[in-house]
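Structure first, commentary second.
The values are calculated or read from the model by the stated rules, or taken from the named source; none is laboratory data. Keep in mind that what you see is a predicted model, and the values were worked out from it rather than measured. Neighbour counts run over all protein chains shown; Cβ positions are idealised from the backbone, glycine included.
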Amino acid sequence: MIFEIDSSISDFLKNETGNRDLTMKCLKKVEALLLNASDGKNVIFFEDIEIIESLIDCGKFSEPTGYFLEYLRENFASTGSFIELTSRHIKIVLECEPEIIINDKNHTVVTLPIFKLDQSFFGKSVLLTENLVDGKFYKRMTQCYCKNYGQNIDFDFELKHGGGNSTGTVFKETFNNQDKNCLCIVDSDKSHPECNFKETAKSVLDEHNNSDLAKFISDFYILEVKEAENLIPTEVIEKVIDPQQTDNFNTYKSLSNEGAQFFDCKKGINRRSFSKNRDQLHLEFWRKELEGIDPNANDFLSQIANKPAGCMTNCTGCLNRNCKQPYCGGIGSKILDNSIDIINNDEQYSLRENIQKEWETIAKKIITWSIVQPEYRFS
C-alpha cells in the first residue's frame, strides 16, 4: 500500500506546540510508518520534497529513520512515480474526519488522521481468494503484467483462502475483527453475461457494502468471467491438457471471446444445468455460441426448452439419463493448479481481448494493495 505523509504532519513536528505528549505520539506513528517502508512492507510518498526536508530538519527521528528519509529525498522523483501505477493510496494528515475522495484522474485517496493509524496498516495486506490456488494464480498473473509492461514493481501480500462459500464471512472477519487491509477476489460463477452473481460473490459484495469500516481498509473484485480458470492463456492450456479432453478443448477454442468467458472449464456445457435452471437467456446465449460449431446444437437446446417445467422435480429418480450427460465435457478439474508453474513471466501471451482486460484489472488491484518499496539497506 502507498502512504502519503501530508505537510500538516511535518509542520506539526517541526514547529512543536508545547504539547510534548501529543508530539511524541505523532512522532512514534510516523517513525513506525517510515521504518515499515524501509523494511519493504509499504511505500511512502510525498507530494513535495520540502515535506521530507522538513521532517529531516525537525531532528526528532532515530538514526535509521533519518537515513531512510535522506534516501527518500535523494530518490524523490522515482518514489512519486509509484502513485501512477495504482488506483488508491492513503493520505496521512494531522487532523481530519476520515474520508474517501476520488480525484479527477479516477484515483481514490483515503484521508486518515495520524492518530487513527494503527497496526492494521503496518503489516502486509491480505489477498483473500476462495482457495489458495486462485491466489497463487493471481500472483503469477501480476508478475507477468509487471514484466510484460516493463514495470519494476515489488509487491507482497499475505495469501488467505476463504473456503469457497464462507469467503464472505472470512472477508468480514479479516477487515473487521482482525483490523487488516484486505483485497478479496472471487469468481462470479455466472453462466452467461446477463446472469446474476452467485452466492459467494453476493456475500462478499454484501459484507463490504454493509460495513462503514470496509471502504477504508478493504476492497473486492468479482471476476467478469465465470471463474479463474477462464483466465488461463490458451497456449498454457495446450501444454497441460489431458489428450482425452482434446475434443472438448477444440470446442472451447472455437467459442467467441464472450463464450470463452462463461464456459465451465471443470464441467463443460452440461445438459442438466440447462434443464434444471430453465433460464431462457442462458439457453439463447449458448444457442448462438454453439450453432456455428455443432449443427445439432439447435435441436438439442430446443428439446430442453420444450420439456415440461416439472420434469426435473426429482433429478435422482428421473429416467431421462441423457440429461445427466454433458453436452461437451470440461477441459480439466485441476487445470488451474497445473497451469501456474507453466505460466512464464517472460512470455507474451495472445490473450483474448476480454481476458487481457481482466489480467490488467486484477494486476492493478493487487499492485495497489500490495506494492512495497524494495527493502532499504543503510550502511
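One residue stands out among those in segment 206-223 that are hydrophobic (A, V, I, L, M, F, W, C) and either assigned to a loop (DSSP other than H, G, I, E, B) or without any contact (Cβ under 8 Å) to a residue 24 or more places away in the chain (or both): the one that is nearest to Phe3 (Cα to Cα), which is Leu213.
Scan segment 26-62 for residues that are in a helix (DSSP H, G or I) and in contact with a helix residue (DSSP H, G or I) (Cβ under 7 Å, 6 or more places away or on another chain) and the total you get is 17.
Of all positions in segment 71-80, at least one carries a residue that is within 30 Å of the chain's Cα centre (by Cα) and among the hydroxyl-bearing types (Ser, Thr, Tyr).
Say whether the condition of being free of Cβ contacts under 8 Å to residues at least 12 places away in the same chain and surrounded by fewer than 16 Cβ atoms within 10 Å (Cβ to Cβ) is met by at least one residue in segment 191-200.
Yes: segment 191-200 contains one or more residues that are free of Cβ contacts under 8 Å to residues at least 12 places away in the same chain and surrounded by fewer than 16 Cβ atoms within 10 Å (Cβ to Cβ).
Scanning segment 327-351 for residues that are crowded, with 21+ Cβ neighbours inside 10 Å and part of a loop (DSSP other than H, G, I, E, B) returns Ile331, Gly332.
From the list Asp206, Asp219, Asp212, Asp154, the one residue that fits, being surrounded by fewer than 20 Cβ atoms within 10 Å (Cβ to Cβ), outside the structural domain of Lys288 (by TED's automatic domain parsing), more than 29 Å from Lys334 (Cβ to Cβ) and touching a strand residue (DSSP E or B) at 6+ places or on another chain (Cβ under 9 Å), is Asp154. Inspect all residues belonging to segment 261-274 and state whether any of them is at pLDDT 90 or above, not in a loop (DSSP other than H, G, I, E, B) and not β-branched (Val, Ile, Thr). Yes, segment 261-274 contains a residue that is at pLDDT 90 or above, not in a loop (DSSP other than H, G, I, E, B) and not β-branched (Val, Ile, Thr).
Among the residues of segment 224-248, those identified as part of a helix (DSSP H, G or I) and surrounded by fewer than 20 Cβ atoms within 10 Å (Cβ to Cβ) are Thr234, Glu235, Val236, Glu238, Lys239, Val240, Pro243, Gln244, Gln245, Thr246, Asp247. Residues that are β-branched (Val, Ile, Thr) and over 15 Å from Thr368 (Cα atoms) do occur in segment 82-94, at least one of them. For segment 26-47, a tally of residues being closer than 12 Å to Ile114 by Cβ and either within 27 Å of the chain's Cα centre (by Cα) or surrounded by 13 or more Cβ atoms within 10 Å (Cβ to Cβ) (or both) returns 7. Of the strands (runs of 3 or more DSSP E) that lie entirely inside segment 66-123, not one contains 1 or more residues that are of a type in the set (Lys, Arg), in the same structural domain as Glu50 (by TED's automatic domain parsing) and loosely packed, with under 15 Cβ neighbours inside 10 Å.
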